[in-house]
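The values are calculated or read from the model by the stated rules, or taken from the named source; none is laboratory data. Predicted model, so just to flag it, every value in this text is computed and none were measured. Note that we place each Cβ from the backbone using ideal geometry, even for glycine, and neighbour counts take in every protein chain shown.
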Amino acid sequence: MLDGIISHQELLRRIDALRVERRLIGPVARVEPECMPPVRYFYQPVERADELALDFTYCVQSPKAVLLPPAEPLLRFDRESGKFRAGPVIDHTPTALIGVHPCDVHAIELLDAVFSNGNADGHYLARRRSLFIVAVDCPEPCTEGVFCRDMETHETDRGFDVILYRLDADRRYGVVFASDAGRAWLNPSLSSGGMRTPNSDDERTFIRYRQNKERAFEPRLPMPRRELPEMMARSYDSLLWEATAQRCYSCGSCNLACPTCYCFDIRDENELNGGGCRLREWDACMARDFALVAGGHNFRAKPGQRLRHRLYRKAAWIEAQTGLHGCVGCARCDRACTAKISIVEMLGQLAEEVQHAGTRP
Amino acid sequence: MRARDPETRRPADTTDFPYSIYLPEAARVLNVNPMTELDSLFELELESGRALGHAPGQFVQVSVFGFGECPISISSSPTRGPRFELSIRRVGEVTNALHRLRSGDSVGIRGPLGHGFDVRELHGHDMLVIAGGCALAPARSLIQYVLDERQRFGSFHVLYGARSPNELLFRDELARWGQRDDVHCHVIVDHADESWRGRAGVVTKLFDELPELDRERTMVAVIGPPIMFRFVMLEVLALGIPQNHVYCSIERRMKCGIGKCGHCQANDVYVCMEGPVFKYGRLKALREAIE
Ligand SMILES: Cc1cc2nc3c(=O)[nH]c(=O)nc-3n(C[C@H](O)[C@H](O)[C@H](O)COP(=O)(O)OP(=O)(O)OC[C@H]3O[C@@H](n4cnc5c(N)ncnc54)[C@H](O)[C@@H]3O)c2cc1C
Ligand code: SF4
Ligand code: SF4
Ligand code: FES
């Protein structure tokens, strides 16, 4: 069921209206004829709605940087020797994130759970509470290689304020609200004609849209998602970890690109005036020294152990811990990897290995 | 890490966040006593006067602003009042900065963190504590606790091994424990020198000092480097002690200490939250913890 129908022009007007109170961030096209693909999209701050590319394929980097910046000060301190002066740095900047595909909405839900469970992380949560999310559904796979359908993240009905469905070529969007803030933003009664309540034709178009969408996504994994943990449980001693990781550079690009990777490092940075800050920075479990301790012992010294750790988290452990998706099938890690190590291929190979091993006694 | 409420799609709107879980509280250094060339014992007190309220086996994150923060076990028992002690070995950036502090200076403390020994479960039992190297620091919190609450425990044995006589921590205390008759404390060093009149060899050799133990009544704590763990566990299991009577403490790299940063994971377990003290039965299921 749709809550409304909005024209492209009206949508842009409403986004510009949001700009009055909030910073706008959304997909912006970057044209680089010498690159493949020549047009790529990045989440960037914009001043006006017409700078946004709402029909973007996928953003090279995930939107996690908006909530968990690659480097952020947690504390500011005064370094005067032997004294103790420090305070938290909390960022409440009201922000609207426009153009989040369902996979990334699922990823944000995971970050929400991780940073609010147990010890609530005020740095993340302050940003999250100041964030207004406009999701944009994908009528078809955004690019080759994604496996969001297999991970059941190609659609979503929560975790955003508003979701937009592009119903037809003349850029008419079906609208669904998931929060009061979303409803207030696109309130049909404020319309100058571009926003209206849906009629039965619109609902039929929406049903067709969803039927077409179901057909547009091919399965890429040999098994349903819910069987992944069991498959992983039988793959711990596979030789594939070491064999595949032989070509890994331990660069951690897969972690940095991943919308559900949230591990971080904390370190102090000093300023010349005697002050400084304690910084949180993205870290990567694929990096050599991630589990290294003083004295030289490394608890995951081999690349194969690190690859195994990453895939276990993505395909089994995170879900067991949070009940949410550890991997949303966006394939950003696959695209980021210079060594062409592919998570979806690996999961396929492991599945094949487990099938060949037959059923467990 | 389990979601408290899977229906809550958005973080609760109820609290504001004027504080940070990463903000330490101020503690004053009261005393610094060198114990070895590399290890010193720091006596601290929170400036608020609050007692830490820890269990033996728990740790704190200690900060020196400008240098960073690192996890250190609390090496004194909660029974000793609001002051607490940390035994710190200087090995890198933060620990060297800590060693430059003098009494009267301030440090940052977050904690107590993690899970230590469940002392109520230990009450009423005979105790066997086995420690290796630096790990006498966390073990000492438990040892002091048993001595302070002596009437709650049966027989009490402590086995401690260090690489050389120079590397023994808490030498004065070891000597005092050696003289008491309500604790049987045995010490061994890998490499003896001419000053050393005790035994030489690995810590497992000390098992021959133990009398016949009452298997059902004995609780065991094993605290030491990964290499020691395996050999000691073989001896402990050979004694026939039930596996759910054995506690182990393990080491991992740690950054946040509160289950977020991911550094401390052993397979799917966040050691900073569920550990560093585990029941042996739990560790056995963690391949990365025992390999
Ligand atoms: C639960 C726990 C209890 C500990 N208790 C004690 C103790 O009682 N006394 C003592 O001297 N040492 C203890 N350690 C080890 C101590 O934390 C490291 O020696 C210390 O982190 C080294 O920091 P550094 O900055 O001096 O060294 P660097 O090599 O410069 O380390 C940089 C950072 O890496 C991380 N790191 C490095 N080594 C370790 C390590 N072994 N464990 C965890 N994180 C590490 C820390 O975040 C550290 O700040 C304990 C470690 C853990 C996990
Ligand atoms: S593991 Fe790879 S495919 Fe899965 S969410 Fe992360 S980047 Fe996307
Ligand atoms: S991006 Fe590829 S090469 Fe780099 S750490 Fe990840 S798997 Fe290894
Ligand atoms: S130390 Fe950060 S998660 Fe355990």
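Please determine whether any residue of the stretch A:175-190 is over 30 Å from B:Gly257 (Cα atoms), among the β-branched types (Val, Ile, Thr) and over 16 Å from the mean Cα position of the chain (by Cα). Walk me through how you get there before you give the answer.
We begin by selecting, within the stretch A:175-190, every residue over 30 Å from B:Gly257 (Cα atoms); these are A:175-190.
With the extra rule that they be among the β-branched types (Val, Ile, Thr), the set shrinks to A:175-176.
This time we only want the ones that are over 16 Å from the mean Cα position of the chain (by Cα), so: A:175-176.
Checked against the condition, which is being over 30 Å from B:Gly257 (Cα atoms), among the β-branched types (Val, Ile, Thr) and over 16 Å from the mean Cα position of the chain (by Cα), the stretch A:175-190 yields at least one hit.
Scanning the stretch B:219-235 for residues that are more than 16 Å from ligand 1 (Cβ to nearest atom), surrounded by fewer than 22 Cβ atoms within 10 Å (Cβ to Cβ) and touching a residue at least 40 places away in the same chain (Cβ under 8 Å) returns B:Arg230, B:Met233.
In the stretch A:60-95, the qualifying residues are those that are outside any strand (DSSP E or B) and at the interface with chain B (Cβ under 7 Å from one of its Cβ atoms), and the one that is modelled with the highest pLDDT is A:Ile90. Residues in the stretch B:104-117 that are more than 10 Å from chain A (Cβ to nearest Cβ) and at pLDDT below 95: B:Gly111 alone. Looking only at the stretch A:101-115, decide whether some residue is facing chain B (nearest Cβ under 7 Å), buried (at least 19 other Cβ atoms within 10 Å of the Cβ) and part of a loop (DSSP other than H, G, I, E, B). No, the stretch A:101-115 contains no residue that is facing chain B (nearest Cβ under 7 Å), buried (at least 19 other Cβ atoms within 10 Å of the Cβ) and part of a loop (DSSP other than H, G, I, E, B).
Of the residues making up the stretch A:319-334, those that are in a helix (DSSP H, G or I) and at pLDDT 95 or above are A:Arg332, A:Cys333, A:Asp334.
If the condition is being at the interface with chain B (Cβ under 9 Å from one of its Cβ atoms), among the small types (Gly, Ala, Ser), surrounded by 15 or more Cβ atoms within 10 Å (Cβ to Cβ) and away from ligand 4 (no atom under 16 Å from the Cβ), then the stretch A:276-305 contributes only A:Gly276.
Annotation note: of A:Asp50, A:Asp55, A:Asp112, A:Asp78, the sole residue that is in contact with a Ser or Thr (Cβ under 9 Å, 6 or more places away or on another chain), not assigned by TED's automatic domain parsing to the domain that holds A:His325 and not hydrophobic (A, V, I, L, M, F, W, C) is A:Asp112. Just so you know, in the stretch B:239-263 the residues that are not polar (S, T, N, Q) and not in a loop (DSSP other than H, G, I, E, B) include one that is farthest from the other protein chains (Cβ to nearest Cβ), and it is B:His245. Number of residues in the stretch B:246-272 that are touching a residue at least 60 places away in the same chain (Cβ under 8 Å) and more than 13 Å from ligand 1 (Cβ to nearest atom): the value is 2.
Among the residues of the stretch A:239-271, those that are away from chain B (no Cβ under 12 Å) and either away from ligand 3 (no atom under 16 Å from the Cβ) or among the charged types (D, E, K, R) (or both) comprise A:Leu239, A:Glu242, A:Arg247.
Taking the criterion of being in contact (Cβ under 8 Å) with a residue 60 or more places away in the chain, assigned to a helix (DSSP H, G or I), in contact with a helix residue (DSSP H, G or I) (Cβ under 9 Å, 6 or more places away or on another chain) and surrounded by 11 or more Cβ atoms within 10 Å (Cβ to Cβ), would at least one residue in the stretch A:207-215 satisfy it? Within the stretch A:207-215, none of the residues are in contact (Cβ under 8 Å) with a residue 60 or more places away in the chain, assigned to a helix (DSSP H, G or I), in contact with a helix residue (DSSP H, G or I) (Cβ under 9 Å, 6 or more places away or on another chain) and surrounded by 11 or more Cβ atoms within 10 Å (Cβ to Cβ).
Scanning the stretch B:178-197 for residues that are touching a strand residue (DSSP E or B) at 6+ places or on another chain (Cβ under 9 Å), surrounded by fewer than 20 Cβ atoms within 10 Å (Cβ to Cβ) and touching a residue at least 12 places away in the same chain (Cβ under 8 Å) turns up B:Asp182, B:His184, B:Asp190, B:His191, B:Ala192, B:Trp196. Restricting attention to the stretch A:119-129, does a residue exist that is out of contact with any strand residue (DSSP E or B) (no Cβ under 8 Å at 6 or more places or on another chain) and in contact (Cβ under 8 Å) with a residue 60 or more places away in the chain? Yes - at least one qualifying residue is present in the stretch A:119-129.
Scanning the stretch A:132-155 for residues that are buried (at least 22 other Cβ atoms within 10 Å of the Cβ) and within 13 Å of another protein chain (Cβ to nearest Cβ) returns A:Ile133, A:Ala135.
Out of all the residues in the stretch A:283-304, is one or more within 13 Å of ligand 3 (Cβ to nearest atom) and in a helix (DSSP H, G or I)? The answer is yes; a qualifying residue exists.
So which residues in the stretch A:330-358 are under 17 Å from A:Arg313 (Cα atoms) and more than 12 Å from ligand 3 (Cβ to nearest atom)? Hits for the stretch A:330-358 are A:Cys330, A:Ala331, A:Val344, A:Leu347, A:Gly348, A:Leu350, A:Ala351.
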